[in-house]
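Data first, discussion second: the structure below is written as C-alpha cells.
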Amino acid sequence: MARASSVLGVGWVTRKDEATKVTQHLWFEKDMEAAIGFYTGLVPDSRIESVSAVMADNPSGPAGSVKIAAFVLGGQNYMAIEAGPLDPFNHSFSIMVECDTQAELDRLWDALKDGGRTEECGWLKDRWGLSWQIAPTRLRELMDDLDPAKVKRVTEQMLKMVKLDIAPLEAAAKG
C-alpha cells in the first residue's frame, strides 16, 4: 500500500502491482514464545520466522517488555504479540486443523488438550486459552453431500462427540 493525500488528510491506496496479504494476529498476555514454539512444533509445515522486542516505551510496557513474532502455522502466516493483558481469546476466533487420518487427529487433540480443556464437536481450548477445531478432512465432504438425510445423520453423530472420530461419522453417512 502507498500513502496518498485525500480530502480528509492522509489515506491508503492499493497499487495494482501489490498483492494484498491477510495475516492472523494473536495477542498473548504472556508466554507467547512458548505458545508459538509449541504450535510450530506440533503442526506440520510450520516455523517461527522472527521474534523481536519493541525497543521503545509504549502503552503496553517499557522498552523491551513487549515482544512481536512472525510465524507460519500449517503453511499460513501468523503474527503474535506478547503485551500484557487485553481481551482474552474466545470462540469468535479459532484455528481449524483438518486431519487426513484419525492418528493425526488424535496426536493433535491429545497435545493441544494438555493443560487446556475439551469442548463439544471437535473444539478445545489449549493451555493459553486459544480455541482450536480439530476435524477430519473427510467431515467437510460428508457435510457437503447432496443427500440431506446423510448430512443429517452425520451431523447428529458429530453432535454426540467431543473429540471427532472418523469411523462413526463414516458409519453414520452410510446409514
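Derivation of every value follows stated rules applied to the coordinates shown; laboratory data play no part. This structure is a prediction, so every number in the text was calculated from the model and none was measured. Note that each Cβ is placed from the backbone with ideal geometry, even for glycine, and that neighbours are counted across all protein chains shown.
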Suppose only helical runs count, i.e. DSSP H with n ≥ 4. What mean residue ellipticity at 222 nm does that imply for the chain under -39500 (n - 2.57) per run, divided by all residues and rounded to the nearest 500 deg cm²/dmol? -8500 deg cm²/dmol
Can you give me the relative contact order of the chain as a percent, contacts being Cα pairs under 8 Å and 6 or more apart? 15
LYS30 long-range amide H proximity, modeled H, under 5 Å: none
Hey, rough spin-label estimate for ASP100 and SER60, points 7 angstrom out along Cα→Cβ, what's it come to in nanometres? 3.7
Which chymotrypsin sites (Phe, Trp or Tyr not before Pro) does segment 123-175 hold that lie in a coil by DSSP with at most 16 other beta carbons within 10 Å? none
In whole Hz, with x marking every Gly and Pro, tabulate ³J(HN,Hα) for segment 24-35 from phi via Karplus 6.51 cos²θ - 1.76 cosθ + 1.60, θ = phi - 60°. 5, 10, 10, 9, 9, 5, 7, 6, 4, 4, 5, 5
Separation in nanometres of the label points that stand 7 Å from Cα toward Cβ, at VAL151 and GLN133: 1.5
The long-range amide H neighbours of LEU164, using H built 1.01 Å from N in the peptide plane and a cut-off of under 5 Å, are GLY122
Could you go through segment 71-87 in sequence order and give the Karplus-derived ³J(HN,Hα) for each residue, using 6.51 cos²θ - 1.76 cosθ + 1.60 with θ = phi - 60°, rounded to whole Hz, and x for Gly and Pro? 8, 10, 10, x, x, 10, 6, 9, 10, 8, 9, 10, 9, x, x, 8, 8
Can you list the residues, at least 5 places off or on another chain, whose amide H is less than 5 Å from the amide H of CYS99, using H built in the peptide plane? ALA135, THR137
